[in-house]
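Worksheet: one structure, shown below.
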Amino acid sequence: LPPIEHPDEFSGHQPERLAVRTVAGDPVGTVAEVLHTPGGELLSIRTETDDEVLVPFVREIVPRVSLGDGVIEIDPPEGLLDPES
C-alpha cells in the first residue's frame, strides 16, 4: 500500500495488535481487529482478562494513536470498559 500522509488516517489493519491504555496510563489490552460498521469504525479490544470490549474509533474516545510506539490511548466514558452482565 502507498504511504498514508495524513496523521489521522490509517490503513485498515495498522491499529491491530497495538497495545491499548487509558490516557491515565492504565493498561486495557490489545486491538484484536478494526470493525467497519455502518455507524463507523470500532476497535475490538482483547482485554488482559481475555474479554472483548468494543470501543468507537472516534477522536473523543481515542485521542492518540502512535504506530511508532505501538500504543493507542483511549479516554473511555464511564462504563465503557465495564464487563457486561
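The values are calculated or read from the model by the stated rules, or taken from the named source; none is laboratory data. Because the structure is predicted, anything quoted here is derived from the model rather than measured. Side chains included, ligands, DNA and RNA excluded: accessible areas come from the protein's heavy atoms. Shrake-Rupley method; radii C 1.70, N 1.55, O 1.52, S 1.80 Å.
Numbers below:
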read-out	value
Gained length - residue 61 relative to residue 41, 0.36 nm times residue gap less alpha-carbon distance	6.0 nm
Amide H within-cut-off set for residue 62, under 5 Å, with H built and near neighbours excluded	75
Heavy-atom SASA rank of 49, 37 (probe 1.4 Å, accessible area, largest first)	49, 37
